[in-house]
Amino acid sequence: MAAALTVELIDRARETVPALLDDAARRLPRLVYADMRVEVTESRHAIAENGAERSSGDDYACTAGVRVLAGDRTVAPGWIGIVLGAADVPELERRLAEALERAYRRAMANAEHKATAREKFGPLGDALADLRLHPVDVRLDVVPAVYRIDPRSVPLADMVTVATEVSRAIAAAQPSVRYNWVPVLTQLTRELFASTEGALIDQAFALTQGAASVVAVGTETSQELYDVMGHQRGWEIIGEGVGESLLTFPPFRDFALALARDAAELAAAPALPTSEREVVVVTDPHYNTLVSHEIVGHPAELDRALKMETAYAGRSWLLADLEAHQVGRRIASPLVTAYSDPALPGYGHYAYDHEGTPARRVTHIDRGIFRGFMNSRQTAAVFGGQPNGHFKATSASLVPLIRMSNTVFDGGDADPARIIGDVDRGYYLVGHRIPSIAESRENFRISARKVYAIERGELTRLYRDGGIAADTRDYLMKVDAVGRDFRLYPIPNCGKGQPMQSKKLGNGGPTMRSRARVLGG
């Protein structure tokens, strides 16, 4: 019978992995650097659809990844990712040793091809430089998960009950909601990172999430809404909600019912008319969650900016090349500050990234001036600056990418009610729905859940299927009010890379006011 696969496997890997790396460093003559990641997740889920159970189960995932830098005439990387099952547990050491050997052989082959190409193509070949990593503080650390109810202890029957009861409550409360889908998830993940530099980091994360998708049908149209509440905590947040100062959710049942009410209200509302020219727009914290994600977070990922991700995720208008970029230049109003901070709570929180770099806050926009990018050790060595710990992968078997942590607009000092009250005519956008962003993020269109007309400082008519479109720099330069109501929200499915990596992370901001065209659906 195969051995059980649980997060306790990391205890065994803590002994095995450093020994494997030490042996490789002694034995492999051209090895410059190596690191290894091992990750185990134990998860449980339940899904209800229109009041009936549709799926439930518990599962595990175990993956490992190895990076080696090696070479003779030049230095190049070799990556290996493997997926492990319960049957692999008795052979864990052998499987990891094999992965390390394969990564080394790949690095040597890549280095040889790179050296040959560099010699063959003359001046053009000079662009093929050695791969170097910027130095970082080497850490030995253990970071435990935070929860009150252990995700592994929750009976599946209880999760099914919650999902089905919430699904039935939606249908009972809102007759115009003809369809609903309600999934709940709770999980515990433990990650190990070790390197030939001597790093050994064992960090764990709990995560619990409730989601709802609803379709309301009106006389002339239908409205589909989807939203997620969640936190890096245990099952307790489903029944109690989240009451932290920056991250606040009601209990999951109330959260789902509020979404259903919005859908029913919007199904009876008229479509937003498109404006012929720019108008005053006030955007709430939930809407600005997606704005910060799309027009600050993604273009501030340095792998995109350096065109390492061009084919899969696009480029960044913030950097044309190493000489022509926006660092030190004004790209926004003096009222706008934006940053990425892994220390904030929620989905984007962590202490170390997936190459063992201590995570730290990086300011992207400081009172309107662009200051810098999220990076990795490799991209920091190329562009300059200290590594800031934003090299992350969806699982250990995948190559990390530069990813947002908690990327947000900073709060200001204005009263949110006054920001609306000072508007004679304009629109108030509440909640985010669907983004449509230019390849380099230089302009955008983002739809809102709800749009209200503002007339003489008051919210009047509600509209559906509306959003705003603007040039990114122009929109940010025209921000003339920033509220003190900063909030964080989860983004459960940010996609990037090839193969696609869907990542959970955080975004947020306060109420803000600018000018843009409003577009109807």
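The values are calculated or read from the model by the stated rules, or taken from the named source; none is laboratory data. Since the model is a prediction, treat every value here as computed from it, not as a measurement. Cβ sites come from the backbone with ideal geometry, for glycine too, and all protein chains shown count toward neighbours. We work out accessible area using only protein heavy atoms, side chains counted, and drop any ligands, DNA or RNA first. Shrake-Rupley method; radii C 1.70, N 1.55, O 1.52, S 1.80 Å.
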For the chain: lysine pairs under 13 Å (alpha-carbon distance), excluding those fewer than 8 apart on one chain: 4
Residue-averaged [θ]222 nm for the chain, counting only DSSP H segments that reach four residues, each worth -39500 (n - 2.57): -7000 deg cm²/dmol
Whether the range 94-182 is rounded, prolate or oblate, judged on the alpha carbon gyration tensor where a/c under 1.5 counts as rounded: prolate
Solvent-accessible area per residue for the chain (1.4 angstrom probe, square angstrom): 40 Å²
Anisotropy class of the chain from Cα gyration tensor, a/c 1.5 cut: oblate
The range 7-82 shape via C-alpha gyration tensor axes, a/c threshold 1.5: oblate
Cα-centre dipole for the chain with unit charges at Cβ (Lys and Arg positive, Asp and Glu negative), debye to 20: 1000 debye
Cα convex hull of the range 383-521 - mean projected area over all directions, nm²: 10.2 nm²
Relative contact order, percent, the chain [alpha-carbon distance under 8 Å, six or more residues apart]: 15 percent
DSSP beta bridge pairing in the chain, given as percent antiparallel to the nearest 5: 90 percent
Contact order relative to length of the range 234-289, as percent, for alpha carbon pairs under 8 angstrom and 6 or more apart: 18 percent
Sites Arg95 and Glu197, calculated FRET efficiency, Cβ-Cβ separation with R0 25 Å, nearest 0.05: 0.60
Principal-axis tilt of helix 156-173 within the chain, Cα atoms, nearest 10 degrees: 20 degrees
Peptides ranked, highest mean first, by Cβ atoms within 10 Å: ranges 401-413, 499-511: 401-413, 499-511
Cα-based helix-to-principal-axis angle, 9-27 vs the chain, degrees rounded to 10: 50 degrees
Taking all pairs of distinct alpha-carbon atoms in the range 91-248, Kirkwood radius in angstrom: 21.1 Å
Extension gain from Arg73 to Val217, taking 0.36 nm per residue of separation minus the Cα-Cα distance: 45.2 nm
Cβ crowding within 10 Å averaged over residues, with 332-341, 388-397 ranked highest first: 388-397, 332-341
Cα centroid separation, the range 39-93 to the range 229-277 (Å): 31 Å
Label point 7 Å beyond Cα of Val146 along Cβ direction - residues of the range 335-377 with amide nitrogen under 17 Å: 341-353, 359-361
The range 290-339, relative contact order [Cα under 8 Å, separation at least 6], %: 26 percent
0 to 90° range, to nearest 10: angle between helix 92-120 axis and the chain longest Cα axis: 90 degrees
Sites Asp22 and Ser55, calculated FRET efficiency, Cβ-Cβ separation with R0 41 Å, nearest 0.05: 0.40
Stokes-Einstein D in µm²/s, Kirkwood radius over Cα pairs - the range 1-139 at 37 °C with 0.692 mPa s viscosity: 187 µm²/s
Separation in nanometres of the label points that stand 7 Å from Cα toward Cβ, at Arg139 and Glu439: 3.8 nm
Solvent-accessible surface ranking, highest first, for Ile47, Ile10 at 1.4 angstrom: Ile47, Ile10
Solvent-accessible ranking of Lys496, Lys307, largest area first, probe 1.4 Å: Lys307, Lys496
Distance (nanometres) between label positions extended 7 Å along Cα→Cβ at Arg14 and Glu323: 5.2 nm
